[in-house]
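Comments concern the structure below.
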Amino acid sequence: MSLWSRISNAIRGERLNREIQEELQSHLEEAILSGRDPREARRAFGSMLRARETSHRIRVAGWLESMLADVRFGWRQLCRNKFASAAAVLSLALGIGSCVAAFRLMDALLWRPLPISGSSKLYVLSRMVTLFDGKHAEDGHWATPDFNLMRDAVKDQADLIAISDADRTDIAWSTDDDMEKAHVAYVSGNMFSVFGLKPSLGRLLASSDDRGPSAAPYAVLSWDYWNRRFGNDPHALGKSLHIGNQIFEIIGVGPRDFTGTEKGTITDIFLPLNTNSLATQDNVIWHRAFLMPKPNIDPNSDLEPLRQHLSAVSRAFEVQCSKCFRDMPQAKIDRLLNKTLVFHPAGAGISDLQKDYRRLLGILGLLVALVLLIACVNVVNMMTAQVAARTQEMALRISIGAGRRRLVQLILTQSALLALLTSILGAAFAAWAAPFVLSLINPPDDPARLALPADWGVLLFGFGLFLLVALFLGLLPALRASAVAPIAALKGGEDPHSPRRLMRGGIAVQVAFCFLVLFLSSLFVASFQHLQNRPLGFSTDRLLLLETVADKGQLPVVWNQTVEALRATPGVNSVTISRWPLLGRIRINSDISINGAPPSPTPAFFLNVSPNWFSTMKIPLISGQDFRTEDTSPGVAIVNETFVKTFFPGQDPLGHTFERVANQYRGTAGKYKIVGVTPDVPYDDLRETSRAVFYAPFDEIDSKSAPKPVEFATFAIRTEGENPLLLAGSLRQVIAQQHNGLRVSNITTQLDLVRDQTIRERLIAMLAAFFATVALLLAGIGLYAVLNYSVLQRRREIGIRMAIGSSRAGIVRLVTSDVSLAIALGGCAGVTMGFGAARYVESLFYQVKATDADMIALPTCAILLTALVAILPAVLRALHTDPTEILRTE
């Protein structure tokens, strides 16, 4: 018979047996009808049972039939212990689903190659630089003139592509009243052709489209944005896109799979690089530079000479730029020029999200792997107990002819069935968990977006995890079942302590890994709480922020008139204005000179604010006075305590002057007289230590004392109501009604900016606390199962001890002594591993800190409480053993 027929017959089972029985009976009846004596016919035919079994073996695939029989038997075993099976399935499903979800996130963010041709040969250029405080950092952004020189220098050896970050930008499709947000990236004209991309509609940008601001500007939509915004309407081609004072014509739609090179952000619109005004400035670094070697370049041998050539070209450019800053100390010029060009593989894209979450995702992967391991040890203990209870069954199977390999197959099939059920539930959990975690990464108004397809990589990982779990669950119980000695087992001579020793070892492993999970979790939770509870020095209550732009720039008087209009709005308590908000992630510094001395090696950060800004923010003045309406910048300044300690140590700074020196990024110089001192408040990052900051008046003047136009600023509005966002609509309307060229670009609250600072720490703390809870629950279930099994196995011994006068304390010691020892050993190992892991994590994340007391107190208390809750039911069961009933059954 064919293999397929034998496989089909193995699935048919009992129906095949009936058909064989009917066929054999028909042959016997034919012999009798032909005139043969019935007795002789039956004797000639032989044993009906043997004939049926022979025919059955010929017609079926024996290996498949035995496997199906094992599956049915395994299913019955799972159904017999519904509670234990459900607990095992749910705990394993949670572990497997978490592992698959973590893999999907890491694969999508870190490993999945970009959908371009030659992604494995794509590199990103960056430079190792020395900061003013002596620390080393990596800078991956470039000035466009520098990029152009490097591109032309190596055009025969490689293609250089410029791509800016995909920033959220105000755009309009008709008038300024139709403003919306979109992620816009500026790219060099050769990007699409070098990446081998084809348009879904129209055409893509070419090098000829990237000629400069004077050229007729074109734009390309991503397929995702075209689908989301226009519903795949082909009439989107030719539409006009308004960004600031520029108008772009839509000429095409990109390929469906390509969403840019910035993982975590889906680019909506691609614009030519040189249409950005920053492209002509030598001293502004604002876009990344990618390199794709030509086909004749060997990545193993030719990249280093290429790197050295590009490094020399870039250094020559920066040396030429540094000649413009004659007042800058030579030591600082040398530090700025001391850069090392490096190539990094960029086949999987490049983004700040990757940088921020690469190590955190690794820690998350470790946590979910430990939880899965705890769950597996839990289920192994359960299956070991079940195999121990079936010792005589296994001995009987061997006695009647079952091979030991057959017993191993029986146990492994049961574990595979359990792993299959958990994998199905785990896949459903992973399908929900990965997008859920992704939604928590960025602020709600700008969520991180990643493609999370269930492709072959994810499926292979899931299948490999399934095989690993099935093998882990079944290997030890299967080996124990196959080692059964039939005669000793049937006589009851098996060692009763052997399974209990294995299970106590499992408890020690569970406790050790549970301690490790709890240590890491307490570290991240304590770090988050430390960051969240850091004193701000200002009040976030009822503080609304209106980030406003003036596309053509407006004089300070226009902005101040708008402040007065907002102040007159009902429900407004106070209004002030600054160039950007605190903790808005914008930071600009200047070199400081004291009494005409060379600039200090430590720069100071600054912020332009209007009068009453400090009172609206509720930042007290330690000494001095607030700005007056007539104050301008340069002129007067208010400094923080760190500024005083840095530049005027041990002095009263009031009345002293300092000079802001023109530098590489901001050319305005001027002298300032200190009129006030404020406490330190976070400037742009809660994680950073206090910076030297000076506050200058909002009204700026140029060298001829003429007021300078302002292109963007932020109105800070303290409302009377508890929810400041309730006034957002009316305040936006007030600004629009002024018809003075100001437009609200974004609305948020100061409290939201503070919360956005802790998104990463809050996410990892939340996930760590969740997995710590799961680990505790699993450890408690495992401990309860082992103790319950131990009490049941020693029920006769406990009854006899109670009958001969053993005290209740002695019974409690009998039940808990071995498990207590396992918990103690596991706890010691877990504490050792936990401290080591915590110190390693602290070395990776300088902002992650916790005291030893914080790390050891919570895990120890949690483990002890869980152990007490798990031990108590088993102890009560042992104490309620009836010795009379035990002796009567004897």
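The values are calculated or read from the model by the stated rules, or taken from the named source; none is laboratory data. Here the structure is a predicted model, which means the values were calculated and not measured. Reconstructed Cβ throughout: ideal geometry from the backbone, glycine too, with neighbour counts over all protein chains shown. Areas reflect the complete protein model, heavy atoms only, side chains present, ligands, DNA and RNA absent. Shrake-Rupley method; radii C 1.70, N 1.55, O 1.52, S 1.80 Å.
For this structure, a couple of remarks:
- Per-region count, the stretch 127-170, residues closer than 27 Å to ALA692 by Cα, open to solvent by 30 Å² or more (accessible area, probe 1.4 Å) and not in a strand (DSSP E or B): 6
- Selection within the stretch 741-754 - in contact with a helix residue (DSSP H, G or I) (Cβ under 7 Å, 6 or more places away or on another chain) and either under 14 Å from PRO444 (Cβ atoms) or open to solvent by less than 30 Å² (accessible area, probe 1.4 Å) (or both): LEU742, VAL744, ILE747, THR749
- Looking at THR689, THR719, THR714, THR678, just one residue is open to solvent by less than 30 Å² (accessible area, probe 1.4 Å), under 19 Å from GLY584 (Cα atoms) and of a type in the set (S, T, N, Q), and that residue is THR714.
- Taking each residue of the stretch 459-474 that is under 14 Å from ALA430 (Cα atoms) and looking for partners that are of a type in the set (D, E, K, R) with beta-carbon atoms closer than 9 Å, six or more apart or interchain, yields PHE461/ARG104; PHE461/ASP107.
- First in the stretch 759-770 and surrounded by fewer than 22 Cβ atoms within 10 Å (Cβ to Cβ), second anywhere and outside any helix (DSSP H, G or I) and among the β-branched types (Val, Ile, Thr), Cβ under 7 Å, 6 or more apart: ILE759/ILE441; LEU763/ILE441
- Remark: THR616 falls outside the filter, which requires a residue to be modelled with pLDDT under 95, under 21 Å from GLU564 (Cβ atoms) and out of contact with any Asp or Glu (no Cβ under 7 Å at 6 or more places or on another chain).
- Residue within the stretch 558-565 that is free of Cβ contacts under 8 Å to residues at least 60 places away in the same chain, among the aliphatic types (A, V, I, L, M) and either assigned to a loop (DSSP other than H, G, I, E, B) or in contact with a strand residue (DSSP E or B) (Cβ under 7 Å, 6 or more places away or on another chain) (or both) present: no
- Residue list for the stretch 432-460, restricted to those being closer than 19 Å to PHE771 by Cβ, in a helix (DSSP H, G or I) and not hydroxyl-bearing (Ser, Thr, Tyr): TRP432, ALA433, ALA434, PRO435, PHE436, VAL437, LEU438
Residue by residue, here is whether (1) assigned to a loop (DSSP other than H, G, I, E, B); (2) under 30 Å from VAL841 (Cα atoms) holds:
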{"residue": "LYS704", "(1), (2)": "yes, no"}
{"residue": "PHE715", "(1), (2)": "no, no"}
{"residue": "GLN733", "(1), (2)": "no, no"}
{"residue": "HIS739", "(1), (2)": "yes, no"}
{"residue": "VAL744", "(1), (2)": "no, no"}
{"residue": "VAL754", "(1), (2)": "no, yes"}
{"residue": "LEU763", "(1), (2)": "no, yes"}
{"residue": "THR773", "(1), (2)": "no, yes"}
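- As for the stretch 597-607, it holds at least one residue that is aliphatic (A, V, I, L, M), at pLDDT 95 or above and on the phi < 0 side of the Ramachandran plot.
- Odd one out for LYS239 among (1) over 26 Å from ALA289 (Cβ atoms); (2) open to solvent by 40 Å² or more (accessible area, probe 1.4 Å); (3) touching a residue at least 60 places away in the same chain (Cβ under 8 Å); (4) under 37 Å from the mean Cα position of the chain (by Cα): (4)
- Selection count where residues are assigned to a loop (DSSP other than H, G, I, E, B) and in contact (Cβ under 8 Å) with a residue 60 or more places away in the chain, scope the stretch 612-628: 3
- Considering residues of the stretch 584-600 that are among the aliphatic types (A, V, I, L, M) and surrounded by fewer than 22 Cβ atoms within 10 Å (Cβ to Cβ) only, the residue nearest to the chain's Cα centre (by Cα): ILE586
- Residues that are touching a Pro at 6+ places or on another chain (Cβ under 6 Å) and part of a strand (DSSP E or B) within the stretch 591-609 comprise ASP591, SER593, listed in sequence order.
- Members of the stretch 835-857 found to be open to solvent by 40 Å² or more (accessible area, probe 1.4 Å) and at pLDDT 80 or above, listed by number: PHE835, GLY836
- Qualifying residues in the stretch 798-813 (those that are in a helix (DSSP H, G or I) and free of Cβ contacts under 8 Å to residues at least 40 places away in the same chain) - the one nearest to ILE363 (Cα to Cα): ARG813
- Just one of the listed residues (VAL677, VAL693) is in contact with a Gly (Cβ under 7 Å, 6 or more places away or on another chain) and either more than 20 Å from TRP613 (Cα to Cα) or among the aliphatic types (A, V, I, L, M) (or both), and it is VAL677.
- Members of the stretch 217-231 found to be open to solvent by less than 60 Å² (accessible area, probe 1.4 Å) and either under 29 Å from ALA451 (Cα atoms) or of a type in the set (A, V, I, L, M) (or both), listed by number: TYR218, ALA219, VAL220, LEU221, SER222, TRP223, ASP224, TYR225, TRP226, PHE230, GLY231
- Check on ILE266, surrounded by fewer than 21 Cβ atoms within 10 Å (Cβ to Cβ) and in a loop (DSSP other than H, G, I, E, B): yes
- Qualifying residue in the stretch 179-194 (condition: crowded, with 20+ Cβ neighbours inside 10 Å, assigned by TED's automatic domain parsing to the domain that holds HIS309, basic (Lys, Arg) and touching a Ser or Thr at 6+ places or on another chain (Cβ under 9 Å)): no
- Residue match in the stretch 689-701 (condition: free of Cβ contacts under 8 Å to residues at least 24 places away in the same chain, touching a helix residue (DSSP H, G or I) at 6+ places or on another chain (Cβ under 9 Å) and closer than 20 Å to SER539 by Cα): yes
- Members of the stretch 335-372 that are under 17 Å from ALA102 (Cα atoms) and of a type in the set (S, T, N, Q): GLN354
- Residue in the stretch 515-525 that is of a type in the set (Phe, Trp, Tyr) and open to solvent by 20 Å² or more (accessible area, probe 1.4 Å) present: no
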